[in-house]
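**Q** This structure is in structure tokens; I'll ask about it shortly.
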Amino acid sequence: MEVIAARTMNALYMYLDVAFLLFLGATLVYTKRYLTILVGLLAGILYFIVDYGYFYLYLGTRSVEGADPFCFLLWLSMSYGFTNFVWIWLWLDRDKRALEWSILIITSWFTTSLLSQSFGGNFAPITISRGTGAYHGIMALILFVGYAILCIHNIRTTDETRKINIPWILAIGILVQFAWEFVLLITGIRNPSFMTIVVNSLLETNLGLPYMYLIHRAVSKRYHENLSRSEKIIVA
């Protein structure tokens, strides 16, 4: 099954998004959520390695028209890699202000899209697309293995307090991807495809959530959000 994910935007969208990323980063620094920032940056780098290195250079399934592929995909990867995984980490942290962070991120995506359409007429148009037939099967396998690890853990565990809240992890993985897919769709940037939004929401970010949960659990035992070491190691 080939799902073609395509977007059409203008260069103003990039500039507005960079401004929001700086604002989001500054807000995280102000609130001393340094570990969350580090996770977001590492996720952005990973996104870039996959999108530019694997999808664009190796498979040739990613196309970029109207912009330099390296610079554009670096921005795109850092944008969604940083924002998505900052958001995910805050939810995994059960941050007391998770709702406010969610509203901030979603409204920024919505505003950036509409502002760029209203005032970006003189900026260069950019069109990107990505075929998925070459790798969605592998991504589905990664998804299965991750959730199988969590399910087997729960099946083997007799202590109810040690069970992992899998529906909560699924909700985070699906809703984070769905939120920005939906915003891109209703603002006219994403190609109007029901299959794209459904498949991407179920698969693309969600495949990493089981592993992200395990990483979060391991790191949170040892470090606080301000990067200071935890004096007491909590047994999970």
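The values are calculated or read from the model by the stated rules, or taken from the named source; none is laboratory data. Everything numeric in this text was worked out from a predicted model, so none of it was measured. Here the Cβ positions follow ideal geometry from the backbone for every residue, glycine too, while neighbour counts run over all protein chains shown. With ligands, DNA and RNA removed, areas are computed over all heavy atoms of the protein, side chains included. Shrake-Rupley method; radii C 1.70, N 1.55, O 1.52, S 1.80 Å.
**Q** Residue check: is GLU181 among the acidic types (Asp, Glu) and in contact with an Asp or Glu (Cβ under 8 Å, 6 or more places away or on another chain)?
**A** Working: among the acidic types (Asp, Glu): yes; in contact with an Asp or Glu (Cβ under 8 Å, 6 or more places away or on another chain): no.
So GLU181 fails the test.
**Q** What helices (runs of 4 or more DSSP H) completely inside the range 1-111 contain at least 2 residues that are closer than 23 Å to ILE174 by Cα, open to solvent by less than 20 Å² (accessible area, probe 1.4 Å) and modelled with pLDDT under 95?
**A** The qualifying helices (runs of 4 or more DSSP H) are 69-92.
**Q** Counting only residues that are farther than 19 Å from VAL50 by Cα and buried (at least 16 other Cβ atoms within 10 Å of the Cβ), which one in the range 211-221 is modelled with the lowest pLDDT? Lay out the reasoning, then the answer.
**A** First pass over the range 211-221, keeping only residues farther than 19 Å from VAL50 by Cα: 213-221.
After this cut, where a residue has to be buried (at least 16 other Cβ atoms within 10 Å of the Cβ) as well, the list is 213-214, 216, 220.
Details: TYR213: 97, LEU214: 96, HIS216: 96, SER220: 92.
The residue in question is SER220.
**Q** Looking only at the range 159-173, decide whether some residue is surrounded by 15 or more Cβ atoms within 10 Å (Cβ to Cβ), more than 20 Å from the chain's Cα centre (by Cα), farther than 23 Å from PHE82 by Cα and modelled with pLDDT of 90 or more.
**A** Initially, the range 159-173 is screened for residues surrounded by 15 or more Cβ atoms within 10 Å (Cβ to Cβ), giving 164, 166, 169-170, 172-173.
Pick out the ones that are also more than 20 Å from the chain's Cα centre (by Cα) and you get 164.
In the following step, the residues that additionally are farther than 23 Å from PHE82 by Cα were identified as 164.
From what is left, the residues that are modelled with pLDDT of 90 or more are 164.
Yes; the residues of the range 159-173 include at least one that is surrounded by 15 or more Cβ atoms within 10 Å (Cβ to Cβ), more than 20 Å from the chain's Cα centre (by Cα), farther than 23 Å from PHE82 by Cα and modelled with pLDDT of 90 or more.
**Q** Any idea which of (1) at pLDDT 90 or above; (2) more than 27 Å from GLY120 (Cβ to Cβ) is the one VAL199 doesn't satisfy?
**A** (1)
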